1. Going residue by residue through segment 165-183, is there one that turns out to be touching a residue at least 60 places away in the same chain (Cβ under 8 Å), surrounded by 20 or more Cβ atoms within 10 Å (Cβ to Cβ), closer than 24 Å to residue 96 by Cβ and within 15 Å of ligand 2 (Cβ to nearest atom)?
2. If I filter segment 11-19 for residues that are within 16 Å of ligand 2 (Cβ to nearest atom) and touching a strand residue (DSSP E or B) at 6+ places or on another chain (Cβ under 7 Å), do I get at least one hit?
3. Restricting to segment 5-22, count the residues that are without any contact (Cβ under 8 Å) to a residue 24 or more places away in the chain and within 23 Å of residue 282 (Cβ to Cβ).
4. Test of understanding: among 27, 31, which residue is within 18 Å of the chain's Cα centre (by Cα) and either surrounded by fewer than 24 Cβ atoms within 10 Å (Cβ to Cβ) or in contact (Cβ under 8 Å) with a residue 40 or more places away in the chain (or both)?
5. Which one is modelled with the lowest pLDDT, of the residues in segment 234-250 that are more than 26 Å from residue 278 (Cα to Cα) and surrounded by 20 or more Cβ atoms within 10 Å (Cβ to Cβ)?
6. Kindly provide the set of residues from segment 51-70 that are more than 16 Å from ligand 2 (Cβ to nearest atom) and in contact (Cβ under 8 Å) with a residue 40 or more places away in the chain, ordered by number.
7. How many of the residues in segment 55-73 are within 15 Å of residue 173 (Cβ to Cβ) and either within 11 Å of ligand 1 (Cβ to nearest atom) or modelled with pLDDT under 95 (or both)?
8. Which of the residues belonging to segment 88-133 are over 20 Å from residue 74 (Cβ atoms) and touching a strand residue (DSSP E or B) at 6+ places or on another chain (Cβ under 8 Å)?
Ligand code: 0X9
Ligand code: ZN
């Protein structure tokens, strides 16, 4: 089983997923979200206690240097499978969970082997390498906060869904799109809970409810250690940026609740979050996930 005092590399995470499928054969199914530029599998798992449930979707590691993101997604997964807490058991039982801890596997390996600060995928373009997979989705592609310069970290790619990772993953998401109740994307850092959209501060259809639910979830997050998260629309909470996954999921699939976490910290360590913060981060985020579900049930 996984421990929470160190970060796992891609092999470590993938083997752990394989072990879960062996340990929980009637509940866990391995799923393939797509394929990377270098030909790797975007490996995930589905947790299901039966037919006909609505879906909660977890997307981790689209930016490879944000190591706390896969660690958080893995912890949530582990809780759903092993916790004795009643609320957690209900959350696991009442939804189908589609979980992808590492949606940018090529980049993740690169951060473990060559460059800890790598963000993009690993496709070469001219003399440069890498497309920002959170600028490559087919929603307001290259409109704002994204670059057409392959030398930059926010390079949006050759066109919308030009990358195998976003193209295959979006096809997978679309295939289950009408059943998704909640989609959560995990990034770091800044301690924010963001709502679509990234290109405009104009409120989305259920803005008021989504804000209320988000704020309550961040209230729950703060109880354990006093960690403060701000809640708001992407464009006002962080900066304008288009072509991100959550915008496409919200606009194209009309998923009721779509949030993007920017996890710990506030910049002291930034992307290199010390390993002794993995567990406290995971515990407080899990508190917020349970509150999100509670509120989502209430707002129906
Ligand atoms: O710039 C990003 O992609 C995210 N911040 S990060 O520091 N993790 O890179 C913010 C994503 C906001 N979401 C969308 N623009 N959809
Ligand atoms: Zn990110």
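The values are calculated or read from the model by the stated rules, or taken from the named source; none is laboratory data. Given the structure is predicted, the values throughout are model-derived calculations rather than measurements. With ideal geometry, Cβ positions are generated from the backbone for all residues, glycine too; neighbour counts draw on all protein chains shown.
1. Just the residues of segment 165-183 that are touching a residue at least 60 places away in the same chain (Cβ under 8 Å), to begin with: 165-174, 176-183.
Applying the additional criterion that residues be surrounded by 20 or more Cβ atoms within 10 Å (Cβ to Cβ) yields 165-166, 169-170, 173, 180, 182-183.
Then drop every residue that is not closer than 24 Å to residue 96 by Cβ, which leaves 165-166, 169-170, 173, 180, 182-183.
Narrowing the set further to residues that are within 15 Å of ligand 2 (Cβ to nearest atom) leaves 165-166.
So far as segment 165-183 goes, yes, one or more of its residues are touching a residue at least 60 places away in the same chain (Cβ under 8 Å), surrounded by 20 or more Cβ atoms within 10 Å (Cβ to Cβ), closer than 24 Å to residue 96 by Cβ and within 15 Å of ligand 2 (Cβ to nearest atom).
2. Residues of segment 11-19 that are within 16 Å of ligand 2 (Cβ to nearest atom), as a first pass: none.
Looking for residues that are within 16 Å of ligand 2 (Cβ to nearest atom) and touching a strand residue (DSSP E or B) at 6+ places or on another chain (Cβ under 7 Å), one finds none in segment 11-19, hence no.
3. So in segment 5-22, the residues without any contact (Cβ under 8 Å) to a residue 24 or more places away in the chain come out as 11-12, 15, 18-19, 22.
Filter once more, so that each one left must be within 23 Å of residue 282 (Cβ to Cβ): 11-12, 15, 18-19.
The total comes to 5.
4. On inspection, the qualifying residue turns out to be 31.
5. Top of the filtered list is 235.
6. Initially, segment 51-70 is screened for residues more than 16 Å from ligand 2 (Cβ to nearest atom), giving 51-57.
Matches in segment 51-70: 53, 54, 55, 56, 57.
7. Initial filter on segment 55-73 (within 15 Å of residue 173 (Cβ to Cβ)): 55-60, 62.
Subset that is either within 11 Å of ligand 1 (Cβ to nearest atom) or modelled with pLDDT under 95 (or both): 62.
Of the residues in segment 55-73, 1 are within 15 Å of residue 173 (Cβ to Cβ) and either within 11 Å of ligand 1 (Cβ to nearest atom) or modelled with pLDDT under 95 (or both).
8. Within segment 88-133, 120, 122, 123, 125, 128, 130, 131, 132 meet the criteria.
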